[in-house]
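Here the structure is laid out as C-alpha cells; the discussion comes afterwards.
The numbers here are math on the coordinates, done by the rules we state, and not lab data. Predicted, not measured: the structure shown is a model, and the values here were computed from it. As a convention, Cβ positions derive from the backbone with ideal geometry for all residues, glycine included, and neighbour counts pool all protein chains shown.
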Amino acid sequence: MAYDLYVVTDEAIGRGRTHAELARSAVAGGADAIQLRDKTLSCRDLLAAAHEIRAVTSAGDALFIVNDRLDVALAAGADGVHLGQSDLPLESARRIAPPGFIIGVSVGSVEEAAFAVAGGADYVALSPVFSTGSKEDAGSGYGLAVLAAIRSAVSVPVLAIGGIGCHNVGEVIAAGADGVAVISAVVGASDVTAAVCGLKSLIAAAKEGG
Ligand code: TZP
Ligand code: MG
C-alpha cells in the first residue's frame, strides 16, 4: 500500500464538514491514506468518527490511521495508529497491537527516525518539514536537507508533513519523501476531491521525474 497522499482530517479547518465527510471526499479523489486527528472529541465521539471513516476507507481501498489513540484505532478496526514523540511509546504500542498493525511515528531528526525504525515503526513522518499554521506547537520546519538525510538513513517509507501544498510538493518528493501528509491543502479546500486529484498528479509527476 502506498502512502503517496496521506490526508489528515481536521474539522477546525474543514469548512464545516465532518471528519467522515472530509474522508469520503478525499478517498473519492484517490487519497492513499486517511488519518483521523482530533484532540477535542470525547473518546466516544472519536470512536464514532473512526467507525464512519473505517467504512469509507474500506469501500475506497485507502488505509485508515488514527492519530494518538491506539485504543480507538483497535476498537474501530483501523489499519494503524500514528504516534508522536510524546505519545504512547512505540515499544508499548507494539506489545498491544496485533501482527500487521501499522504504527507510524513522527520524527524530527535522523536519530529519532533510526530509533523508531529499530523499534518497529512501519513508516516515519518528518514533522514538520516546513512551518505551518495548522498545528500550534509544530515549531519551525526541519527542512528538506533533514528529510533527505532521513530518507538515506532508514528503509521504511518516509513521509513529510507541515506546510505542504501544490507549490512545494514536487520538491518534497524530489528530496526523497515517499509521500506527503497534508491538512490545509486538502481539508481546507472548497473542493476536497479536486484538491486530492491535483496533489496526486503532482506527486506522480515528481516521482516520474525523479
Ligand atoms: N503535524 C506536524 S505539522 C502538522 C501536523 C498535524 C499540520 C500539518 O498541516 P498543514 O496544513 O498540511 O501544514
Ligand atoms: Mg500525537
Check: Which translational diffusion coefficient, to the nearest whole µm²/s, is obtained for the range 61-120 from the Stokes-Einstein equation, given a Kirkwood hydrodynamic radius over C-alpha pairs, 25 °C and 0.890 mPa s?
Finding: 210 µm²/s
Margin query: Compute for the range 68-163: radius of gyration divided by Kirkwood radius, i.e. Rg/Rh, restricted to C-alpha atoms, rounded to two decimals.
Written below: 0.98
Item checked: Separation of alpha-carbon centers, the range 117-146 and the range 31-63, rounded to whole Å -> 22 Å
Notebook entry, point to check: Per 5 Å bin, what is the whole-percent P(r) computed from every C-alpha pair distance within the chain?
Noted result: 1, 8, 17, 20, 23, 17, 10, 3, 0, 0
Checklist line | Cα radius of gyration and Dmax for the range 116-210 (Å) | finding: 13.2, 41
Next item on the list: Over all directions, average the projected area of the Cα convex hull of the range 11-103 and note it in nm².
Entry: 6.0 nm²
Next item on the list: Please compute the net charge surrounding Asp61, taking Lys and Arg as +1 and Asp and Glu as -1 over other residues with Cβ under 15 Å from its Cβ.
Entry: 0
Notebook entry, point to check: Under 19 Å from the Cα of Lys207, which aspartates and glutamates turn up, not counting those fewer than eight places away in the same chain?
Noted result: Asp4, Asp32, Glu171, Asp178
